[in-house]
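Okay, so here's the structure we're looking at.
The values are calculated or read from the model by the stated rules, or taken from the named source; none is laboratory data. None of the values given here were measured: they were computed from a predicted structure. Cβ coordinates were reconstructed from backbone atoms using ideal geometry, including for glycine residues, and neighbour counts include every protein chain displayed. Please note that ligands, DNA and RNA were not included when accessible areas were found on the heavy atoms of the full protein model with its side chains. Shrake-Rupley method; radii C 1.70, N 1.55, O 1.52, S 1.80 Å.
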Amino acid sequence: MSERRTVALVTLGCARNEVDSEELAGRLEADGWELVHDAADADIAVVNTCGFVEAAKKDSVDALLEASDLKGHGRTQAVVAVGCMAGKELAEALPEADAVLGFDDYADITDRLQNILSGGHHVSHAPRDRRKLLPLSPVERQRAAEGGAVAVPGHGNGNGAAPEAEVVITDLPEGVAPVSGPRTLRRRLDDSPVASVKLASGCDRRCSFCAIPAFRGSFLSRRPSDVLNETRWLAEQGVREVMLVSENNTSYGKDLGDIRLLETLLPELAGTEGIDRVRVSYLQPAEMRPGLIKALTSTPGVVPYFDLSFQHSAPDVLRRMRRFGDTDRFLGLLDEIRAQAPEAGARSNFIVGFPGETEADLAELERFISHARLDAIGVFGYSDEEGTEAETYTGKLPEEVIAERVAKITRLSEEMTAQRAEERVGSSVTVLVESIDEEEGVVGRADHQAPETDGITTLFGAPDGVKVGDLVAATVIASAGVDLVAEAVGAEVGA
């Protein structure tokens, strides 16, 4: 670019979106853009939207409107929407956005933004069911994706170019790396000691309430070498914990010919120099297998943490959701995990008020939550998601009934997770320090606490000179809700 221009990336939603934003940041900085933290200081603000549930969509729209309000009152000239919510419908409903770009535009993000800043018009991304863009056979998908049949963020195969030719950069700015050879660029947007690594994209499950597969596409694993290279690069950037993310980590490797590939990859990731903790998120209960449980509970450097997507426990509701399981089966799975790692962390999300949910179904969910001893719980009220099977269901519950049930399950969840945290008093934990300040003190997370979604641990008696990124051995001395208070018992672990 002849003229240096500034861009701010505003990220909504999950860790997958955060990784996508860092890929966009890597591409933009490699092309000469200056990345700024505040949208008010940017020529153009790029808002990475989330389309998971209605509340997330509202947050995305609010962020776009907030960024749009900056136009004409400072440096900001344009606002662009990207991500899961990006589509023609958003463009029509929100004319304040100067453009709406889809995943297919990511490889050409610089050209798109340059055109918008120059006053050009970009035809807004028209959403399509991305499940239909790759072959039905999981193994055939790898060849199609690597041939450029479809753009998949984080896989380095956009814009129809062969992966080995897509991004060839000889002079990269400091902090930007082709994390898997010339395939993908990534630039960190913060200095946190924890970072997410995308294990795969898309999902082959057909849950009746979920629109994610339609806009993320069919399940596609990343090559183990790419995941390892990215992890090594993150370690060089000061990261000490990596969190593996995707729509469904339990399916990893099935399109590479080895459904047990995650079990063999975990020790390699945990053995990466500089990485002290590996965390796996987004696990499907129906796909859990003994070998994976063993790998997650016994591999040195891999924390025994189970982010299990239960969604409900009443069998009739689960069948309408196009899912499998029931209360007793799920409790049995948790028992199997804790038999191998008694202090394992476990969390889940639940949808309340699903079409046709009866009082008996709700009571069954209460039974599960009361006995599951989960460390963290997210509760969501059902809402119709466009294009999903559940949108067509009869038996929809009134909004006030859904709200009452959400409140009831939320109260129970808060009671049970607080009780679980109290059970941890007296136990030994390893705390990854994430912040230090005069008011809050030394704050971090234990093995059973994932960033953003779970509780935190406040550390007392930390060693002299403790800094962000240190791991400190401690004993839990108190709890407050899902949060813990712990006292350090020694110097830094694994330094």
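Key figures
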{"quantity": "Area accessible to solvent at residue 10, 1.4 Å probe radius, in Å²", "calculated": "50"}
{"quantity": "Computed magnitude of the charge dipole of segment 273-408 (debye, nearest 20; Cβ of K, R +1, Cβ of D, E -1)", "calculated": "540"}
{"quantity": "Accessible area in the full protein assembly, largest first, 1.4 Å probe, for 33, 233", "calculated": "233, 33"}
{"quantity": "Accessible-area composition of segment 214-278, carbon plus sulfur, in percent [1.4 Å probe]", "calculated": "45"}
{"quantity": "Equivalent ellipsoid, segment 192-278 (semi-axes from 5 times Cα gyration tensor eigenvalues, Å)", "calculated": "25, 15, 10"}
{"quantity": "Å² of accessible area per residue within segment 359-420, as computed with a 1.4 Å probe and no ligands counted", "calculated": "51"}
{"quantity": "Solvent-accessible area, 1.4 Å probe, carbon plus sulfur percent, for segment 405-495", "calculated": "50"}
{"quantity": "DSSP-loop trypsin sites (Lys or Arg not before Pro) across segment 415-490, with at most 15 other Cβ within 10 angstrom", "calculated": "467"}
{"quantity": "Probe 1.4 Å - accessible area at residue 85, Å² to nearest ten", "calculated": "40"}
{"quantity": "Nearest-10 value in Å² for the accessible area of residue 62, using the 1.4 Å probe", "calculated": "60"}
{"quantity": "Per residue accessible area in Å² of segment 186-299, where ligands, DNA and RNA are left out and the probe is 1.4 Å", "calculated": "31"}
{"quantity": "Base-10 log of normalised Debye intensity for segment 292-447 (one unit scatterer per alpha-carbon) at q = 0.15, 0.16, 0.20 Å⁻¹", "calculated": "-0.87, -0.95, -1.24"}
{"quantity": "Set 58/254; 57/396; 198/467; 58/396; 71/198 screened for pairs whose C-alpha atoms are more than 24 Å apart", "calculated": "58/254; 198/467; 71/198"}
